[in-house]
Number of protein chains: 6
Amino acid sequence: MKHGARNDVTGKVSAILKGDVMSLAKVKVKGTFELSSAMTTESLKSLKLKKGDRVRVIVKAVNVLLVRD
Amino acid sequence: MKHGARNDVTGKVSAILKGDVMSLAKVKVKGTFELSSAMTTESLKSLKLKKGDRVRVIVKAVNVLLVRD
Amino acid sequence: MKHGARNDVTGKVSAILKGDVMSLAKVKVKGTFELSSAMTTESLKSLKLKKGDRVRVIVKAVNVLLVRD
Amino acid sequence: MKHGARNDVTGKVSAILKGDVMSLAKVKVKGTFELSSAMTTESLKSLKLKKGDRVRVIVKAVNVLLVRD
Amino acid sequence: MKHGARNDVTGKVSAILKGDVMSLAKVKVKGTFELSSAMTTESLKSLKLKKGDRVRVIVKAVNVLLVRD
Amino acid sequence: MKHGARNDVTGKVSAILKGDVMSLAKVKVKGTFELSSAMTTESLKSLKLKKGDRVRVIVKAVNVLLVRD
């Protein structure tokens, strides 16, 4: 699969929080840091996500904010 | 600084591509992978970004897409 | 703190609606109009937001839609 | 027109920066602060935006980030 | 109404899933495929959406991801 | 490929507008309407998109705005 997004890292699902309409999945990347994805609970079910699954984490560059302290 | 976004990693600016209205900055994280941020060229200037700068890369969880192959 | 977003206004938290996975915070700006931010409930907790707090409201320019009637 | 977005303020176009594919329009709100919208140059043309035009500035709540210093 | 978004199709509301803070509405387009919009439950109420209503489905081009298998 | 987005339609690339940093691709869906995706020019190149290619058009539900006139 090729896609039009600049950010693509691989990790393992570390936690799932299932809500009424929206849900949250956390993904451990490189064993060091955690990324979070909020999606509809329908998408969570259709992905059949469970802890330990390998997933790709994709973000379009326009949605990335840089900050300097 | 505390913010309402679930994704926040630190890295070093590795490349800058300056365009007419939009620009692209790449950030090397943990020395292993690269993230990209598209922002207005005005933001790039106001941030005074240059290669080697340390920045935080912030993404709201709703903008993160999970994919399984 | 400097960030790569073109929109940044300051206001006071006027209401908080806490949900299971997602929550909503409203911010009164200049005493005249109200902006709303939807975030994960985790982010709401980590920000320790409560009514009356001063916050900055940040939006990337790509997420702003102009409309004329 | 009614829409499914929580943020909607009215202002006057104060500046337009036209690029090859993306363009930027700035809108002065309440005479006090400025908001920016990045859109495709095609959208800019189809809106026939020019300085002084009254427009509505619309943002979905999920795209609003709250920050406290 | 004219707006600064490149994607605009018309359809009929086919399902509504109301959650605590966020809700989901599905829209049948051309009788053939279904699009989904996640919005705040407040927006759902303010739109007074119900099954069968005709709506326009609007998406900014920057939020559209292309994928090839 | 399975992904955590509620909107996924298939179409054919009908036009490409290549800019300095950002580019625009249009996709004809069902032979009837056109969708547009703005991406970095780097993504356009990495996808090797050209007119006539079949692609999937993916949008997260949170980025879809409903409007009624």
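Things to note:
- Test: residue B:30 is at the interface with another protein chain (Cβ under 7 Å from one of its Cβ atoms) and on the phi > 0 side of the Ramachandran plot: yes
- Qualifying residue in segment B:2-23 (condition: among the hydroxyl-bearing types (Ser, Thr, Tyr), in contact (Cβ under 8 Å) with a residue 12 or more places away in the chain and open to solvent by less than 10 Å² (accessible area, probe 1.4 Å)): yes
- Residue F:31 passes every criterion in (1) outside any strand (DSSP E or B); (2) open to solvent by less than 10 Å² (accessible area, probe 1.4 Å) apart from (2).
- Scope segment D:34-63; condition more than 12 Å from chain F (Cβ to nearest Cβ), in a loop (DSSP other than H, G, I, E, B) and under 30 Å from residue B:2 (Cβ atoms); matching residues: none
- Within segment F:49-59, the set of residues being open to solvent by 30 Å² or more (accessible area, probe 1.4 Å) and in contact (Cβ under 8 Å) with a residue 40 or more places away in the chain comprises F:52, F:54, F:56.
- Here residue F:62 passes the criteria (1) within 20 Å of residue B:39 (Cβ to Cβ); (2) touching a helix residue (DSSP H, G or I) at 6+ places or on another chain (Cβ under 7 Å); (3) crowded, with 22+ Cβ neighbours inside 10 Å except the one numbered (1).
- Selection from segment F:34-48 of residues that are open to solvent by less than 30 Å² (accessible area, probe 1.4 Å) and in contact with a helix residue (DSSP H, G or I) (Cβ under 9 Å, 6 or more places away or on another chain): F:35, F:36, F:37, F:38, F:39, F:40, F:43
- Test result for residue B:4, facing another protein chain (nearest Cβ under 7 Å) and of a type outside the set (A, V, I, L, M): yes
The values are calculated or read from the model by the stated rules, or taken from the named source; none is laboratory data. Remember, predicted model here, so these are calculated numbers, not experimental data. As a convention, Cβ positions derive from the backbone with ideal geometry for all residues, glycine included, and neighbour counts pool all protein chains shown. Surface areas here come from the heavy atoms of the whole protein model, side chains and all, with no ligands, DNA or RNA. Shrake-Rupley method; radii C 1.70, N 1.55, O 1.52, S 1.80 Å.
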